[in-house]
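See structure below.
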Amino acid sequence: MANYRIHFAKEILGVPFTIGSVEIARARDPIRALRAAEIRFARQHGLLDWRERADTADIAASEGSPQG
């Protein structure tokens, strides 16, 4: 299982500004990691949906995760 970091950004005049990130350890695949990060981000900010605070969520494999 790989580790992922998901960056949440708000776009202002077409320019994305990162407003937060979530580290997901040991997800089976990037889709599951993204879903878990969306839920965690919303809970951290007291929101029902992460889109209330961010416009985009970008996923990347974290350092130390196996490449495959």
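Derivation of every value follows stated rules applied to the coordinates shown; laboratory data play no part. The shown structure was predicted, so the numbers you read here are calculated from the model rather than taken from an experiment. Glycine also receives a Cβ, built like all others from the backbone with ideal geometry; neighbour counts cover every protein chain displayed.
In terms of the ratio Rg/(2.2 N^0.38 Å) built on C-alpha atoms, what value belongs to the chain?
Working: Rg = 12.2 Å, N = 68, 2.2 N^0.38 = 10.9 Å.
Taking N as the residue count of the chain, the ratio is 1.11.
Along region 43-53, what does the Karplus equation 6.51 cos²θ - 1.76 cosθ + 1.60 (θ = phi - 60°) give for ³J(HN,Hα), rounded to whole Hz, x for Gly and Pro?
Each residue's phi maps through the Karplus curve to give 5, 4, 9, x, 10, 7, 9, 4, 5, 5, 10 Hz.
Of Ala54, Ile6, Gln44, which is farthest on the positive side of the dipole of the chain, counting Cα position, with +1 on Lys and Arg Cβ, -1 on Asp and Glu Cβ, and the Cα centre as origin?
Gln44
Suppose only helical runs count, i.e. DSSP H with n ≥ 4. What mean residue ellipticity at 222 nm does that imply for the chain under -39500 (n - 2.57) per run, divided by all residues and rounded to the nearest 500 deg cm²/dmol?
Using -39500 (n - 2.57) per qualifying helix, the result is -7000 deg cm²/dmol.
Normalised by the number of residues in the chain, what is the relative contact order in percent for Cα pairs under 8 Å and 6+ residues apart? Kindly include the intermediate steps, with their values, before the conclusion.
Details: 113 pairs, mean separation 30.3, N = 68.
45 percent.
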